[in-house]
Amino acid sequence: MESGGKRRRTDAVLSNGNDKIDPSLLEALEKSQSSVEALDLRTVKKLVLSFERRLKENIEARLKYPDQPEKFADTEVDLHEELEKLKVLAGGPELYPDVVNLNVIPSILGLLSHDNTDIAIDVVHLLQDLTDEDVLEDNDEPARVLVDALIENNVLELLVQNLQRLSDADSDPDEMAAVYNTLATIENLIEVKPSVAELVCERTKLLRWLLGKIKVREFDSNKQYASEILAILLQNSTANQKRLGQMNGVDVLLQAVAMYKSKDPKTSDEEEMLENLFDSLCCVLMPLENKERFVKAEGVELMIIIMKQKKSAYASAIRALDFAMTKYPPACERFVDVLGLKTAFAAFMGKIPVNKKNKKERYQEELEERLVSLIASLFGGILRGSRRERLLSKFVENECEKIDRLMELYMRYSDRVRAETDRLNELELDDLEMDEEEKYNRKLESGLYTLQLIAVILGHLWCSEQPQMRTRIELLLKQQKLTKKDVKDILQEYHDNIGDLDGPEEKERAQARIQKFISAFG
């Protein structure tokens, strides 16, 4: 999902499959760049006029000889050539407002429905060139003018309708490339105008098409790109997350990741696709109703199986569980019922599978942070009964080793937050203005949020009133020259900064829970 992916796509187009740059394509690129120098309003008018003339000839020939393709074939070749010539417009994005004023956009977009798929494919390539992020860089206003005109003239509906008639089989590389370029154009439009992410899902069947694509078992570059676009559409849109849930999207995503429960992706591209699928799954798990669908579809069980198999999706499965269990007790209960505690606490104790990727320090840290969040969710979601007892007993077994681990993490994150606080104070001495909110957010990023969750877990353990746990916590604090007041201070800061995103009543409830821990620490 990073823009690095896009750069590779351009490289892929310029290479001929064996990592060598195709000289003929480079030559064409140089030619088009040299012709760019002469691009001005007069040239644009000439190009548009010539295109409109060839379009008119094609329409007339098709009307006159509807059943005699040989009679209109030449006009189609001419039209194809004109569309190729229009690609030169990408060399002068500052002229896009003039292109829009010449009213050629409706004519170009109308060809996406042309009976000859090759002509529609030409238009897709043209749109991809005109909206390419490298072309639009530093041309924000002209880019907006073009994108607004495209959307006004139904580019989204027409692109997706055309997408549905394109073959995506390897047997037709042209159509396969057109599918790719259609997705690239949609991504480019979202880049310029983020509201397109919701518009395209409101107005078209793109989400359904993407789900159909990720259902396919075989991997190819378009399946990878479909997974990337799906993640982009879901990442900042509750409406799209809910839409996908309603069209059985949770189930489809679970089936797609289940293919990797006992095998690793074969290539880095396939690995990227798997990450995109998990990104999509985590986004879709934000709305409450989708958490319910996840539990019903046995998503909790699948994630535990993936963890047990110790393949490359291991960390992603933990992340998905964290999303599913946050503020959703039924997922926490299911997790305990299907014996997830053993698997989660093995990971918490550092027993994680080792491969190239996990040797990286940041990977280990992210995993720790997820596991702390997951355990905090379990404590928040399971408040009483035998499940709560099973959860608490994990911290007593093996001479309280889980509490030792918790305090080890507490110290590490505490040191990190202290270092960041000192750094911010020094910046302030250097006259760098920073309000309290910004300082707090910087501290959260440096590890304060995880530290707060560790303090919350310690609060749950302390409130269980089990003497063995309390004694252990006090001993470990003493060894580090700390007291219960240090934990209370972290909880107090957390309490004071709880927001009202979920409404004032939920804020009050959350603060009351934290206050209970603060009081219990005496």
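Taken about its Cα centre, region 52-158 carries a charge dipole of roughly 540 debye when the Cβ of each Lys and Arg holds +1 and the Cβ of each Asp and Glu holds -1.
Plainly put, region 104-146 has a radius of gyration that is 1.06 times its Kirkwood radius, both from alpha-carbon atoms, as the Rg/Rh ratio.
A simple charge model with +1 on the Cβ of Lys and Arg, -1 on the Cβ of Asp and Glu and nothing else charged puts the dipole of region 257-361 at about 460 debye relative to its Cα centre. For region 244-297, state which GluC sites (Glu not before Pro) are in a DSSP loop and have at most 12 other beta carbons lying within 10 Å of their beta carbon. Within region 244-297, no GluC sites (Glu not before Pro) qualify (loop, at most 12 other Cβ atoms within 10 Å). Residues Arg405, Arg42 ordered from highest to lowest accessible area at a 1.4 Å probe: Arg42, Arg405.
A crude spin-label estimate for the pair Glu506 and Arg144, with each label 7 Å from Cα along the Cβ direction, gives 3.3 nm. Phi-derived couplings, Karplus 6.51 cos²θ - 1.76 cosθ + 1.60 at θ = phi - 60°, listed residue by residue for region 124-130: 4, 4, 4, 4, 4, 5, 5 Hz, with x used for Gly and Pro. Per residue, the chain exposes 50 Å² of accessible surface when a 1.4 Å probe is rolled over the protein heavy atoms with every protein chain present.
A simple spin-label model places the labels of Ala73 and Glu298 5.7 nm from each other, with each point 7 Å out along Cα-to-Cβ.
Close Lys pairs in region 397-522, defined as Cα atoms under 17 Å apart and 8 or more places apart or on different chains, number 5. For region 142-158, the Karplus equation 6.51 cos²θ - 1.76 cosθ + 1.60, evaluated at θ = phi - 60°, returns couplings of x, 4, 4, 4, 5, 4, 4, 5, 4, 5, 4, 9, 6, 4, 5, 4, 5 Hz by residue, with Gly and Pro reported as x.
Annotation: amide H of Asn153 has no partner in the under-5 Å range at sequence separation 5 or more or interchain, hydrogens built in the peptide plane. With bins 20 Å wide beginning at 0, the percent of Cα pairs of the chain falling in each bin runs 19, 43, 27, 10, 1. Rounded to the nearest percent, how much of the accessible area of region 72-122 (1.4 Å probe, protein heavy atoms only) is carbon and sulfur? So the carbon and sulfur contribution to the accessible surface is 46 percent. If only the Cβ of Lys and Arg carry +1 and only the Cβ of Asp and Glu carry -1, the dipole of the chain around its Cα centre is close to 3320 debye.
Sort region 280-344 into rounded, prolate or oblate with this rule: let a ≥ b ≥ c be the square roots of the eigenvalues of the Cα gyration tensor; rounded if a/c is under 1.5, and if a/c is not under 1.5, prolate when a/b is larger than b/c, oblate otherwise. It is oblate, given that a/c is not under 1.5 and a/b is not larger than b/c.
Rounded to two decimals, the Cα radius of gyration of region 149-247 over 2.2 N^0.38 Å is 1.02. Whole-Hz Karplus values for region 194-199 come out as x, 5, 4, 4, 7, 4 Hz, taken residue by residue from phi with 6.51 cos²θ - 1.76 cosθ + 1.60 and θ = phi - 60°; glycine and proline positions read x. For region 181-282, with all protein chains present and a 1.4 Å probe, just round the carbon and sulfur fraction of the accessible area to a whole percent. Within region 181-282, the accessible surface is 42 percent carbon and sulfur. When Thr471, Thr182, Thr75 are compared by accessible area at a 1.4 angstrom probe, the order from most to least is Thr471, Thr75, Thr182. For region 44-172, the convex hull spanned by the alpha carbon atoms encloses 114 Å³ per residue. Note on Lys193: lysines with a C-alpha under 20 Å away, same-chain residues under 8 apart excluded, are Lys6, Lys205. Projecting the Cα positions of Ala315, Leu189, Asn441 onto the charge dipole of the chain (unit charges on Cβ atoms of Lys, Arg, Asp and Glu, taken about the Cα centre) puts Ala315 furthest along the positive direction. The gain in end-to-end length when the Asn497 to Thr117 segment is fully stretched comes to 131.1 nm, 0.36 nm per residue minus the alpha carbon separation. Remark: accessible surface ordering of Val257, Val354 (largest first) is Val354, Val257, probe radius 1.4 Å. Of the GluC sites (Glu not before Pro) found in region 117-203, the ones in coil according to DSSP and having at most 13 other Cβ atoms within 10 Å of their Cβ are Glu137. When the trypsin sites (Lys or Arg not before Pro) in region 197-228 are filtered for DSSP coil states and for at most 13 other beta-carbon atoms within 10 Å of their beta-carbon, the remaining sites are Arg217. Glu218 contributes an accessible area of around 120 Å² to the protein surface, as traced by a 1.4 Å probe with all chains present.
Remark: region 470-522 projects, on average over all directions, an area of 3.9 nm² (convex hull of Cα atoms).
Helix 268-284: angle to the longest alpha-carbon principal axis of the chain, degrees 0 to 90, nearest 10? Helix 268-284 and the main axis of the chain meet at about 70 degrees. Using just its DSSP H runs of length 4 or more, each adding -39500 (n - 2.57), the chain gives a mean residue ellipticity at 222 nm of -23500 deg cm²/dmol after division by all residues.
Computed on region 159-238, with alpha-carbon pairs under 8 angstrom and 6+ residues apart, the relative contact order is 28 percent.
Classified by the C-alpha gyration tensor, region 418-522 has an oblate form. Its axis ratio a/c, with a ≥ b ≥ c, is 1.5 or above, and a/b does not exceed b/c. Scanning residues 5 or more positions from Lys261 or on other chains, none has an amide H under 5 Å from its amide H, with H placed 1.01 Å from N in the peptide plane.
The values are calculated or read from the model by the stated rules, or taken from the named source; none is laboratory data. None of the values given here were measured: they were computed from a predicted structure. Please note: Cβ atoms are built from the backbone with ideal geometry, for glycine as well, and neighbour counts cover all protein chains shown. Heads up: the accessible areas ignore ligands, DNA and RNA and are worked out on the full protein's heavy atoms, side chains in. Shrake-Rupley method; radii C 1.70, N 1.55, O 1.52, S 1.80 Å.
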